[in-house]
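Below you'll find the structure, written out as structure tokens, and then a few comments.
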Amino acid sequence: MPAAAQALLRTLVDAGVDVCFTNPGTSEMHFVAALDAEPRMRAVLTLFEGVATGAADGYARMSGRPAATLLHLGCGLGNGLANLHNARKARVPLLNIVGDHAAGHAQYDTPLQSDIETVARNVSGWLRRSASSASLCGDALEALAAARSAPGQVATLILPADVSWGEAAEAADARRPSAPAPAPAPAVSEDLVREVARALGAGRRAALLLGGRALREPLLRLAARIAARTGARLLGEVFPARMQRGAGLPVVERLAYLPELAAVQLAELDELVLLDAREPVSFFAYPGKAARLLPPGCRVRALAEAPCDLHEALERLVRQLDAGSAPPLLQAAARPPRPRGALNARKVCQALGHLLPEDAIVVDEAQTSGVMLPAFTAGAPAHDLLALTGGAIGQGLPLALGAAVACPGRPVIALVGDGAAMYTPQALWSMAREGARVIAVVFNNRAYSILELELQRVGAGRARGRARAQFDLARPELDFVRLAEGMGVSARRAATAPEFLAALEHALAHPGPHLIEAVVPRAYAGLKLRLLPRLLAALDRLPPGMARAVKRGVAP
């Protein structure tokens with residue numbers, strides 16, 4: 001057995017990486033063969049590289065540790081790029097191992113020869129091609145150190161086949177890595193902490209915008225005490241990587257996806273303090289509309305930008321403001337009643353709020369169908385929410401797979417639009433193979449409904465015929481039950497609220513993966529679809545109270 005591949009696996013496991021999501025090819029065969037010699041490494045086979053990369057992201061979000069991916073050449077890395085983009089935006093630790101041709105073979109420009117480095121630079125904070133078997137384990141440790149550096153990033157190690165099959169490597173000692181240990185996170189200056197304390201304590205209209213680590217305990221509770229002491233509002237990013245929410249946890253108002261609605265939430269602010277978040281801007285550019293969403297004159301301050309120690313800075317800010325004993329506003333326990341009648345997206349979200357189990361992990365890629373999810377699950381038992389950080393759809397099912405591997409004792413519920421589900425349906429097969437505790441809820445409204453809305457919002461709403469056909473998923477109709485069953489996943493279809501409740505109760509009561517196809521009408525269609533852009537455009541001309549009421553009605 002080649003020593004280098006075995007040594008690499010031992011090095012990874014000794015350094016704390018014991019899960020690898022794989023989609024290997026010929027160049028990676030020595031790594032695959034070495035799995036038999038390292039039983040501590042769990043290899044999860046995926047049928048598409050986008051599943052492997054999305055699952056590694058979900059694993060990192062829930063475990064706080066990097067998983068590895070094993071990808072085949074530049075084409076395999078390219079297939080996984082969209083979900084690596086999402087992982088980069090989520091700022092999670094993730095290690096890509098990308099096989100390549102042996103050094104002497106590259107001269108022949110074979111069919112699969114490509115520029116792997118160029119592909120990898122799009123998403124990688126750290127990138128290296130391992131040059132020799134002797135240096136391989138040290139390269140791997142440097143890659144892991146880079147991936148783990150605050151706040152977390154994607155590291156890509158290119159592994160040529162001849163390096164993998166070489167005999168000269170020995171497993172590096174993870175307790176004495178060849179790469180320097182990451183430096184301690186630098187402290188935030190005392191002047192900045194005092195400046196933020198003055199801004200929050202000056203009686204001006206202020207908000208804390210939470211992202212990343214700040215949406216999880218214990219930082220979440222520290223921020224809530226500051227808000228209670230100063231009267232500042234607690235806001236959350238639009239698409240959090242991981243947000244802890246539910247009964248008994250601090251109340252955080254997530255910013256809306258639609259920029260006009262987010263501008264209503266931010267209106268009249270004088271001060272915005274960023275906690276592991278960026279200044280909110282419009283997701284896309286729209287004709288005649290500003291990209292910045294904050295009102296003129298609002299002052300923006302970042303308390304602790306990476307890699308600074310945000311936890312320590314928040315503790316000092318709590319002391320500066322004498323907020324340690326301030327009682328934070330916590331979410332009261334509350335559940336909506338069981339929905340009845342014909343099924344729609346609102347009733348699916350209501351049913352989830354009614355039945356959501358304690359300690360669940362909710363993956364939200366529901367697009368327009370999930371607009372009511374925050375309101376209906378706010379008072380449900382405490383749970384984690386994982387969102388579409390980078391906006392590249394096709395993340396929901398792989399993310400759920402990775403979360404289930406990281407937390408096998410916790411139920412994972414993935415909410416996915418029908419169009420997004422078709423990007424990475426191969427994740428269902430891996431869920432069945434691994435016995436993952438995932439319930440996939442697919443909103444089948446037979447359309448790319450979010451794009452129908454965007455067509456109206458960019459001023460192209462008069463398009464007909466072939467243009468609108470680009471958002472139509474009804475010809476032919478997708479059958480997610482047969483699709484799931486063909487990959488070994490138990491599945492049911494629901495067209496009424498009682499059918500959906502029964503399917504969800506069954507899935508929660510029985511281990512293993514399940515899929516529920518929720519047949520629903522579009523959340524925005526007909527007159528509602530045509531009027532919504534006009535209503536959004538008029539928001540900045542309405543009195544503030546009326547604008548807030550409209551926002552609550554559209555996206556509570």
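Coordinate-derived values only; no laboratory data. What you see is a predicted model; the values in this text were computed from it and never measured. Note that each Cβ is placed from the backbone with ideal geometry, even for glycine, and that neighbours are counted across all protein chains shown.
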So what's the gap between the Cα centers of region 71-143 and region 505-526, to the nearest angstrom?
37
In whole Hz, what ³J(HN,Hα) sequence does region 8-18 give by Karplus (6.51, -1.76, 1.60; θ = phi - 60°), x for Gly and Pro?
4, 5, 4, 4, 4, 5, 4, 8, x, 9, 10
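For Tyr59, Tyr448, Tyr108, Tyr286, what's the fewest-to-most ordering of other Cβ within 10 Å of each Cβ?
Numbers: Tyr59 28, Tyr448 22, Tyr108 9, Tyr286 18.
Least crowded to most crowded, the residues run Tyr108, Tyr286, Tyr448, Tyr59.
List the GluC sites (Glu not before Pro) within region 225-274 that fall in a DSSP loop (any state other than H, G, I, E or B) and whose Cβ has at most 15 other Cβ atoms within 10 Å.
Details: sites: Glu237, Glu253, Glu260, Glu268, Glu271; in loops: Glu237, Glu268.
Answer by residue number: Glu268.
For Cα pairs less than 8 Å apart in space and 6+ apart in sequence, what is the mean separation divided by the residue count of the chain, i.e. the relative contact order in percent? Walk me through the intermediate numbers first.
Working: 1248 pairs, mean separation 77.0, N = 556.
About 14 percent, as a whole number.
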Modelled label-to-label distance, Arg482 and Thr118, 7 Å Cα→beta-carbon offset: nm?
4.2
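Show me the GluC sites (Glu not before Pro) within region 395-468 that DSSP assigns to loop and that have at most 13 other Cβ atoms within 10 Å of their Cβ. Mind showing how you got there, number by number?
Numbers: sites: Glu434, Glu452, Glu454; in loops: none.
Passing sites in region 395-468 do not exist.
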For region 277-362: rounded, prolate or oblate by the Cα gyration tensor [a/c cutoff 1.5]
oblate
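Express the Stokes-Einstein translational diffusion coefficient of the chain in µm² s⁻¹, to the nearest whole number, given a Kirkwood radius over alpha-carbon pairs, 4 °C and a viscosity of 1.567 mPa s.
On the way: Rh = 24.7 Å.
Result for D is 52 µm²/s.
Name the GluC sites (Glu not before Pro) in region 292-359 that are in a loop by DSSP and that have at most 13 other C-beta atoms within 10 Å, would you?
Loop-located and lightly packed - Glu305, Glu358.
Please state the shape class of region 1-86: rounded when a/c is under 1.5, otherwise prolate if a/b exceeds b/c and oblate if not, all from the C-alpha gyration tensor. Intermediate results must be reported in sequence, preceding the final value.
Details: a/c = 2.30, a/b = 1.26, b/c = 1.83.
Oblate, because a/c is 1.5 or more while a/b does not exceed b/c.
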If you average the C-alpha positions of region 417-463 and of region 228-303 separately, how far apart do those two centres end up, in angstrom?
26
What is the set of long-range amide H partners of Tyr448 at a cut-off below 5 Å, with H atoms built 1.01 Å from backbone N?
Asp472, Leu473
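If a/c stays under 1.5 just call it rounded; otherwise compare a/b with b/c (prolate if a/b is bigger, oblate if not). Do that for region 137-286, with a ≥ b ≥ c from the square roots of the Cα gyration tensor eigenvalues. Please report the intermediate quantities before stating the final value.
On the way: a/c = 2.93, a/b = 2.08, b/c = 1.41.
The shape class here is prolate.
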What does the charge count around Arg340 come to, taking other residues whose C-beta lies under 14 Å from its C-beta (Lys +1, Arg +1, Asp -1, Glu -1)?
+2
May I ask you to compute the full-extension gain from Ala102 to Met422, defined as 0.36 nm times their residue separation minus their alpha-carbon distance, rounded to one decimal in nm?
111.7 nm
Taking Asp322, Asp18 and counting other beta carbon atoms within 10 angstrom, the fewest-first order is Asp322, Asp18
Relative to the longest principal axis of the chain, what angle (0 to 90°, nearest 10) does the C-alpha long axis of helix 133-148 take?
10
Check Arg129: other-chain or 5+ apart residues with amide H under 5 Å from its amide H, H built from backbone geometry?
Ile158
